[in-house]
Each structure stands twice: as C-alpha cells, then as structure tokens.
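Note sheet for the following structure.
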C-alpha cells in the first residue's frame with residue numbers, strides 16, 4: 001500500500017510542577033526551603049528516515065503525545081525531564097500546520113528534522129524564591145502547558161525523472177526494463193494505481209531515480225480518472241519524460257500528447273515549465289514509423305523512439321536522460337534556512 005498524505009494531532013508533554021519543601025533535620029532548626037524544580041515535558045519531533053518511501057506507518061496512529069516532566073522533590077531534587085518522541089517520515093515530506101494553513105518545513109535530506117510541538121517547561125520550586133526578606137517562601141510554579149498542533153504531512157516523492165503519459169502508454173514496462181522495480185503490467189488501463197520508484201543503473205557507476213506516475217486522462221487536474229492525486233509527485237522531479245503510445249488501438253498519439261500537456265499546465269505552471277523529453281513507445285508495432293513521422297511534423301518536437309518490450313532505444317534513452325540531468329540544477333538540495341529545525 002502507498003500513503004502520501006496524513007493528518008495527525010501532536011502534543012508535547014506538560015512541565016512538572018515545582019515543589020514546596022523545607023529542610024527538616026534533627027538539631028538543624030529553620031533548615032530553610034529546599035523544594036526542587038519540576039522537569040521539562042518531552043517534545044514531538046519529525047525526522048527524515050531514508051529507508052521509508054511512504055507515510056503508511058502513520059496510518060494507524062493519528063495522536064502523538066509526549067510524556068510530562070516529573071514534579072520537583074524535596075532536598076533540592078530536580079524532577080526528571082521527560083523523553084522526546086520522534087516521528088519518522090520519508091524524504092520529501094512537507095510539514096503543514098493545519099490550523100494556520102502554512103508550510104513549516106520541507107524535509108528532504110536524510111536526518112533532517114523539525115520540532116512539531118514543544119514540551120512545557122518545568123515550574124520552579126520554593127528554593128528558588130528564598131531571599132533575605134523571604135526566608136521561608138511557600139511560592140512555587142506550576143509546570144507550563146505544552147504546545148499542541150494539528151499537523152498535515154504531505155509526501156512528494158524525490159526522483160530525478162518522472163514518467164508521465166496516458167494509461168497503457170507503457171511507462172511501467174519502461175521502468176521495469178530500466179530498473180529492478182516490479183510494477184504491475186497488464187493490457188488494460190490504470191494498472192498502475194500508485195507511484196512506483198526505481199533506481200536506474202548506468203555504466204561508470206552512475207545512477208538516477210525514476211518515478212512512474214499513474215496514467216493521466218483528460219480532466220485529471222479536476223479529478224477525472226485517478227485525478228490529480230499523484231501529480232504533485234512530479235513537481236519535485238527535475239526532468240519529465242513524456243511517454244506516448246505511438247500505435248494506440250484507440251485515439252491519436254498527437255491528441256494524447258496535447259491532452260497530457262494541457263493537464264500538466266492546468267495543475268501547475270511550474271510543472272508544465274519543467275524540462276521534458278518526449279518518448280515514442282511501442283515502435284515495434286505495425287504503422288509506428290509512419291505515425292512517428294507525422295507526430296514529429298505536427299508537434300515540432302524532438303522525439304526519442306523506443307520499444308519497452310523489445311528494449312530498442314532504451315540505452316540511448318537513459319544516456320539522453322543522464323546528459324539532460326547534468327544540464328539542470330539539483331533542486332533536491334534545497335534547504336529550509338528560515339524554517340524551525342531541531
């Protein structure tokens with residue numbers, strides 16, 4: 001299963017109360033105040049774990065609360081601080097404050113983290129309030145209340161390349177041929193129901209991450225088909241590889257291409273402006289060469305011809321993808337210097 005959005009409630013722990021206590025020992029009259037401070041409540045953190053690729057682990061736990069700090073004790077003993085709790089999420093998780101409607105941090109790098117809810121500070125005991133004019137204080141402080149938040153976690157997969165196209169364009173076949181990924185492949189539409197990631201190995205110890213996005217149809221930006229549920233995963237990719245079925249049983253490849261381009265533009269102008277490689281797949285089928293020539297004339301696009309089934313052109317495709325990536329900035333190295341961290 002794949003889960004890329006979840007809402008959770010988080011609360012830090014309450015601070016421990018300060019203690020009112022006086023020293024009571026034989027032969028020591030008026031021993032004075034010795035009430036200790038309360039311990040600090042635990043905080044809730046969110047941290048990137050590079051071993052994860054979905055938010056599924058959070059599906060069964062929507063409430064996260066840290067423990068409270070221990071109250072202070074006599075003989076100037078400080079209450080124990082409560083331990084913090086950490087929520088592990090995959091790289092590419094964006095943290096939103098649901099109530100304020102703002103993004104708090106985009107967690108990209110392994111180990112990167114953010115504090116979601118601070119624990120309350122422990123209250124001071126009466127030993128703190130003693131003075132020359134107040135030698136037997138009975139004042140103390142209650143522990144502070146913790147921070148409470150409603151948080152929304154949204155995952156945008158981190159990949160170098162995103163495969164887009166209409167259902168049955170052959171994206172899953174291409175991913176399975178180029179990587180060790182095993183997406184479902186069948187001769188009917190929407191066999192891919194969730195994004196699939198694969199690592200493509202090239203000669204010279206080069207590698208890149210490729211994402212197969214479920215097929216798009218007209219109206220996807222407004223919810224048709226699988227809708228725009230997974231379109232956000234392409235936003236973080238550096239390069240879009242637009243796979244076109246050059247010999248479809250129904251429809252026209254040129255119209256299919258224009259339909260998908262239109263859907264990308266309606267969903268996000270930033271997404272539509274990304275660098276794109278157009279790939280004509282299924283070149284092993286009858287009539288593909290003739291359709292490819294017409295496609296190139298009418299779209300004025302450079303088109304790479306391949307066959308995911310036979311493997312024709314796949315080596316040239318991966319090399320072209322690699323060389324194109326070298327020309328693009330590495331968007332994954334974005335940092336969040338202005339966002340609160342750990």
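Between the Cα long axis of helix 288-299 and the first principal axis of the chain there is an angle of about 70°, rounded to the nearest 10.
Ranking of 342, 46 by neighbouring Cβ atoms within 10 Å, starting from the fewest: 342, 46.
Here 242, 63 are placed in order of increasing Cβ neighbour count within 10 Å, fewest first, which gives 63, 242. Between residue 109 and residue 199, the FRET efficiency from the beta-carbon distance, with R0 = 25 Å, is close to 0.85. Can you tell which of 61, 85, 121 shows the greatest fluctuation in a Gaussian network model of the chain with Cα springs below 10 Å? Maximum among the listed residues: 61. Between residue 328 and residue 25, the contour length at 0.36 nm per residue exceeds the Cα-Cα span by 101.5 nm.
The angle between the Cα long axis of helix 314-327 and the longest principal axis of the Cα atoms of the chain comes to about 50 degrees, rounded to the nearest 10. Residues 28, 321 in ascending order of nearby Cβ atoms (within 10 Å, fewest first): 28, 321. Straightening the chain between residue 150 and residue 302 buys 50.0 nm, computed as 0.36 nm per residue apart minus the Cα-Cα spacing. If you plug the beta carbon distance of residue 57 and residue 235 into 1/(1 + (r/R0)^6) with R0 = 30 Å, you get a FRET efficiency near 0.80.
Of all the options 107, 197, 328, the one that moves most in a Gaussian network model of the chain with Cα springs shorter than 10 angstrom is 328. Relative to the longest principal axis of the Cα atoms of the chain, helix 253-267 runs at roughly 20 degrees. When DSSP beta bridges are restricted to pairs lying wholly in the chain, around 55% turn out antiparallel. So which residue, out of 38, 143, 251, gets the largest mean-square fluctuation from a GNM of the chain using Cα contacts under 10 Å as springs? So, out of 38, 143, 251, the one fluctuating most is 251. Full extension of the chain between residue 284 and residue 250 yields a length gain of 10.5 nm, computed as 0.36 nm times the residue separation minus the alpha carbon distance.
With contacts taken as Cα pairs under 8 Å at a separation of at least 6 residues, the chain carries a relative contact order of 16 percent.
No lab work stands behind these numbers, since they all come straight from the coordinates. Since this is a predicted model, take the numbers as computed values, not measurements. All Cβ positions, glycine included, derive from the backbone under ideal geometry; neighbour counts span all protein chains shown.
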